[in-house]
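Let me begin by presenting the structure, written as C-alpha cells, before commenting on it.
The values are calculated or read from the model by the stated rules, or taken from the named source; none is laboratory data. Nothing here was measured: the structure is a model prediction, and the numbers come from that model. Cβ sites come from the backbone with ideal geometry, for glycine too, and all protein chains shown count toward neighbours. Heads up: the accessible areas ignore ligands, DNA and RNA and are worked out on the full protein's heavy atoms, side chains in. Shrake-Rupley method; radii C 1.70, N 1.55, O 1.52, S 1.80 Å.
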Amino acid sequence: ILNVEQSPQSLHVQEGDSTNFTCSFPSSNFYALHWYRWETAKSPEALFVMTLNGDEKKKGRISATLNTKEGYSYLYIKGSQPEDSATYLCALTTGNQFYFGTGTSLTVIP
Amino acid sequence: DSGVTQTPKHLITATGQRVTLRCSPRSGDLSVYWYQQSLDQGLQFLIQYYNGEERAKGNILERFSAQQFPDLHSELNLSSLELGDSALYFCASSGTSGGTGELFFGEGSRLTVL
C-alpha cells in the first residue's frame with residue numbers, strides 16, 4: 001500500500017483569494033497522478049491526469065503541477081469562487097491500482 | 001452525469017445478511033473499479049476488473065467478492081455483513097486498464113448495516 005498524503009486537510013478562503021494545496025507521494029513506482037474534485041452529495045470528477053515530470057495542466061482557473069522526482073503535485077485555484085467549494089482528491093497510480101489521498105476540503109466564503 | 005450507473009442508491013440491511021451492489025460502466029469502458037468510503041475515511045480500493053478479468057485486488061475482505069460479466073457490468077457481493085461494513089461503495093470505470101485514463105465514478109451505493 002502506497003501512502004499518498006494531502007495537505008492541508010481543510011481550508012477556508014474568502015471569495016477571490018487564490019489558494020493551493022499539496023499532494024505528496026512516494027516517487028518510486030510512479031505511473032500517473034490524478035486530481036479529482038468531489039462536491040458534497042455528488043461523485044468525484046476528474047480534473048487532471050499527469051504522467052510526466054514537470055507536467056503542468058490547466059482548466060479555467062484551476063491548474064496543477066507535477067514533480068515526480070521529489071514526489072509532489074500542487075493544485076492551484078486562482079480567484080476562488082463559492083462553486084469551487086469541494087474536496088479535492090489526488091490519486092497515485094502505479095498501473096492498475098489507484099491510491100487516493102484523504103483529500104483537501106476547500107470552503108470558499110462569499 | 002458520468003455515465004456510470006450504480007444500484008441501489010441506498011440499502012439498509014441487518015448484520016449477517018448478504019447484499020449485491022451493481023455497477024454499469026460508461027459505454028465502451030472495459031475497466032471497473034470498486035471503492036469503499038467509510039465514515040471519516042478516504043476512498044479505499046477494493047478490486048479492479050478489466051474486460052471480465054480480475055486485474056488488481058486491494059483491501060477487500062474475504063466476505064466480499066466481485067465479478068464482471070460479459071456485458072461489462074459488475075457486481076460486488078457483500079456477505080455476513082457486519083456493522084463496520086456500513087459505508088458508501090463507489091464504482092468507477094475507465095477506458096484503459098492502466099492508470100493513465102481518468103476514472104468516471106458512479107453516484108455510489110450507501111449501505112447501512114443495522
message = Ignoring ligands, DNA and RNA, please state the percent of accessible area on the stretch A:1-69 from carbon and sulfur, probe 1.4 Å.
response = 42 percent
Shielding by other protein chains, A:62-68, mean Cβ within 10 Å = 0
Rg/Rg_ref, the protein assembly as shown, where Rg_ref = 2.2 N^0.38 Å and atoms are Cα = 1.02
query = Roughly what % of DSSP beta bridges within the stretch B:29-114 run antiparallel, to the nearest 5?
reply = 100 percent
query = How large is log10 I(q)/I(0) at q = 0.12, 0.13 Å⁻¹ when the Debye formula is applied to the Cα atoms of the stretch B:1-87, each weighted equally and without solvent?
reply = -0.36, -0.42
key: Mean separation of Cα contacts under 8 Å (6+ apart) over length of chain B, as relative contact order %   = 37 percent
query = Given springs between every Cα pair under 10 Å in a Gaussian network model of chain B, which of B:Q48, B:Q68, B:Q37 has the largest fluctuation?
reply = B:Q37
Value of relative contact order over chain A, rounded to a whole percent, pairs C-alpha under 8 Å and six or more apart = 38 percent
ask   = Taking chain B as a Gaussian network, where each spring joins two C-alpha atoms under 10 Å apart, which residue of B:L30, B:L39, B:L76 fluctuates the most?
value = B:L39
task = Over the protein assembly as shown, give the accessible area per residue in Å² for a 1.4 Å probe, as an integer.
result = 48 Å²
query = Once the dipole of the stretch B:3-55 is set up with Lys and Arg at +1 and Asp and Glu at -1 on Cβ about the Cα centre, which of B:T7, B:P25, B:Y50 lies farthest towards its positive end?
reply = B:T7
request  = Starting from the Cα gyration tensor of chain A, multiply each eigenvalue by 5, take the square root, and state the resulting semi-axes largest first in whole Å.
outcome  = 23, 14, 12
